[in-house]
Amino acid sequence: MFSETVELRGHIIDSLILPKVLDTILTSGGSFKIGEVKIGQNRADQSYARVEVSAPSGEALDDLLLRLRQHGAEALEKKEAQLAPAPADGVFPPEFYVTTNQQTFVRLGKDEVEVRPAIMDSGIAIDGNTARAVRFYDVRKGDQIVVGHNGVRVVPLQRSTSRTDIFHFINTSVSAERPKIAVIRELGAELVRIRNEGGNILVVGGPAIVHTGAAEQLEQLITRGFVQRLFAGNGLAVYDIESVFFGTSLGMDLERSALSDRGHENHMRAINTIREAGGITQAVEKKVLTRGIMHACVQHGVDIVLSGSIRDDGPIPGVTTDAVEAQKIMRDKLQDVSIVLMMGSMLHSIAVSNMLSAAVKIVVVDIDPAAVSKITSQQSFQSIGLVTDVEPFLRELVAGITAAETKQEASDSSTAVGMTETAGVKQMSDGAAAK
Amino acid sequence: MRDLLLCPPDHYGIEYEINPWMSRARGADTPMVQAQWRGLYEKLCSLKANVSLVTPQPKLPDMVFTANAGLTVGRRFIPSNFRHQERSGEAPFFAKFMEERGYEIVWLPENLYFEGEGDALFGADALFCGYKFRTDINSHRAVADLLGCLVISVELVDPRFYHIDTCFCPLPDGGAFWFPGAFDEYGQRAIRDRIPDIIDVPEEEATFFCCNAVVLERDIVLPQGPDKLIAKLRDRGYTCHPLPMTEFLKAGGACKCLTMFMPQRESCKV
């Protein structure tokens, strides 16, 4: 869509000029968003409206603006984006524009170009007619970087108005004191919908998944096709494999909930076994690793991104220890993700939410309310935060998915009835539109 | 007693074509022009109006249509910014005339076309302004700023009725008569919202330019022909004075186009 902002001033309410302009936009095949309306207080006071007008092509927009101009709608002066060269590798020019995670457009000459990807805390590099969000490490000396705010337009994400959208009616955060089953069931239905539409689901997981005994539930999600990507640290992989080999997680017996004898050695021996096999995938292929989260990921083609930290033991093969390199890999794997489940891993979750467009939905599950609010506040229109232990959450989620799939199977078998109802609804809306 | 401005038709003629009524092939008959204009002048004088005359200028044939000189409110005169080059030469003469009589002259920005009382008529509680053919809607905003009054902007859609005074005539009782077909549906609604008690004029009478009338309290001076309208106005207690206006219709004008109120209103307060 091509768009432009126009302003209307005068007695535009009493003269019905505002409704006329809005009707003209719609009947011409365009659309509008009202940015601001100020109604005069006294009889002689004039009113003001700022309206963003969109049309399917540049030509259609020009025609439409010409028609609106005769009713007094004046286009705001268009300013081009200002550019300056990067002074050195890894350095932005002074006053460089810092991105948000919202959809952003840059005006270059007559055209508006969308900045891709829509990620926060980046600069914008212009190359011909493309606009890229770039991090420090992407910048090369001489790159043309957007400076100042002229010619940059941010389109804030609108909160969904659909009452059926779980991300609308949850209102961001569910505290520890409130029931969660209904929300988690809805979420299960949402995941089924996303999977059926071919969307990609990312899990960002911490070792708490294994510590709390929820590994089996996550394994089920993976085997049933509800996980396409897994981002984690060294810990999740190590404790998952330790639990498969020894039945412990950091030495804690998961069955008895008690420390096992010389249990502190177990995770070191698990790492050593994987190193000896040549890596996680090789361990699966050699049938050294036969169960667990990592095993399921390898078996079902889930992309695993393990990034290391300074306190890691090992690390286990496959962990990227260069933080900048890990960021690049994660960004690359985030491009086509529809929803992210973040569970028991505050630092990895913050890292991922920093790289996400505001349009991506996220679900944050953590026992620590501070961790939940920290992450949901960045994606406030598209996030659900649940303050709870990971294990009961995953158990309910798996049950919710099963319930949603059962319901779907039942409705699939009565398709004929569904079609009749749909036809009825369509007829009603046509009738209303014709009035 | 109302003060009016007229201009003798000494240089009047169809010398160019800037509206659908004008045709250089159909010129005006000079003796009839003089007789019809004098008929109007004498009628207005007889209705106890105080008529001033501006000196006509050669090569400005439409100067006779003084309604387009500008808009006068109290002692302020807003001169027109004519859309057509052919008429723009009139503005300085009208401004000078008004200035010499002690009016404050307030020009609108040059880029805003505005054709005075022809497109700005006070009625009910507002100033009704037409736009599109001659006047820009943006000039309405400037006029509203200057006068501090409510301006109802209405779009004119029929090129035969290119000024609002050709299709809409407010009455002192808060009513009006009009040809609704000259306005788009939003303009029609905006006018009806403020003047619910409005008399519709059928198209065959509207084309006599019967809405182009000079209203002086209970007397209405209008072109000959609209018998249905005259009957309705009589029922409402008005006395109609129909006059022959055929020679001025050839240029798209009639009684009101030939007359400007000095002032149209003393103030914008309702």
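Residues checked against (1) touching a helix residue (DSSP H, G or I) at 6+ places or on another chain (Cβ under 9 Å); (2) modelled with pLDDT of 95 or more; (3) surrounded by fewer than 14 Cβ atoms within 10 Å (Cβ to Cβ):
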site	(1), (2), (3)
B:L4	yes, yes, no
B:N19	no, no, no
B:M22	no, no, no
B:L44	no, yes, no
B:V54	yes, yes, no
B:D62	yes, yes, no
B:G70	yes, yes, no
B:R76	yes, yes, no
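One residue alone among A:L61, A:L66, A:L76 is more than 14 Å from chain B (Cβ to nearest Cβ), within 25 Å of A:T27 (Cα to Cα) and surrounded by fewer than 14 Cβ atoms within 10 Å (Cβ to Cβ), and that residue is A:L76. With a requirement of 2 or more residues that are closer than 28 Å to B:R24 by Cβ and within 14 Å of chain A (Cβ to nearest Cβ), none of the strands (runs of 3 or more DSSP E) lying completely within the range B:168-251 satisfies it.
Within the range B:52-104, being of a type in the set (D, E) and closer than 16 Å to B:Q264 by Cα holds for one residue alone: B:E104. The residue that is nearest to A:F105 (Cα to Cα), counting only those in the range A:2-37 that are within 14 Å of chain B (Cβ to nearest Cβ) and part of a strand (DSSP E or B), is A:V6. Of the residues examined, A:R256 is one that is more than 30 Å from A:S357 (Cβ to Cβ), basic (K, R), at pLDDT below 95 and not assigned by TED's automatic domain parsing to the domain that holds A:T402. Taking only pairs six or more apart or across chains, which ones have beta-carbon atoms under 8 Å, a first residue in the range B:149-167 that is within 14 Å of chain A (Cβ to nearest Cβ) and within 25 Å of B:C268 (Cα to Cα), and a second residue that is polar (S, T, N, Q) and assigned to a loop (DSSP other than H, G, I, E, B)? Matching pairs, first to second residue: B:V151/A:S15; B:I152/A:S15; B:S153/A:S15; B:V154/A:S15. Checked against (1) touching a residue at least 12 places away in the same chain (Cβ under 8 Å); (2) within 14 Å of chain B (Cβ to nearest Cβ), A:G90 passes all but condition (2).
Cβ-Cβ contacts under 6 Å between residues 6 or more apart (or on different chains), taken from a first residue in the range A:25-44 that is in contact (Cβ under 8 Å) with a residue 40 or more places away in the chain and surrounded by 13 or more Cβ atoms within 10 Å (Cβ to Cβ) to a second residue that is part of a strand (DSSP E or B) and not hydroxyl-bearing (S, T, Y), are listed as A:I25/A:F32; A:I25/A:V53.
Candidates B:A231, B:A251, B:A206: the one that is over 24 Å from B:N68 (Cβ atoms) and aliphatic (A, V, I, L, M) is B:A231.
Pairing each residue of the range A:265-286 that is farther than 20 Å from A:Q299 by Cα and without any contact (Cβ under 8 Å) to a residue 40 or more places away in the chain with any residue that is buried (at least 19 other Cβ atoms within 10 Å of the Cβ) and polar (S, T, N, Q), provided the two are 6+ apart or on different chains, yields C-beta distances under 7 Å for A:N266/A:T248.
Which one is nearest to A:D336 (Cα to Cα), of the residues in the range A:213-238 that are of a type outside the set (D, E, K, R) and part of a loop (DSSP other than H, G, I, E, B)?
Checked the range A:213-238; the qualifying residue nearest to A:D336 (Cα to Cα) is A:Q228.
The values are calculated or read from the model by the stated rules, or taken from the named source; none is laboratory data. What you see is a predicted model, and the numbers here were worked out from it, not measured in a lab. A quick note on method: Cβ atoms are made from the backbone with ideal geometry, for glycine too, and the neighbour counts reach across all protein chains shown.
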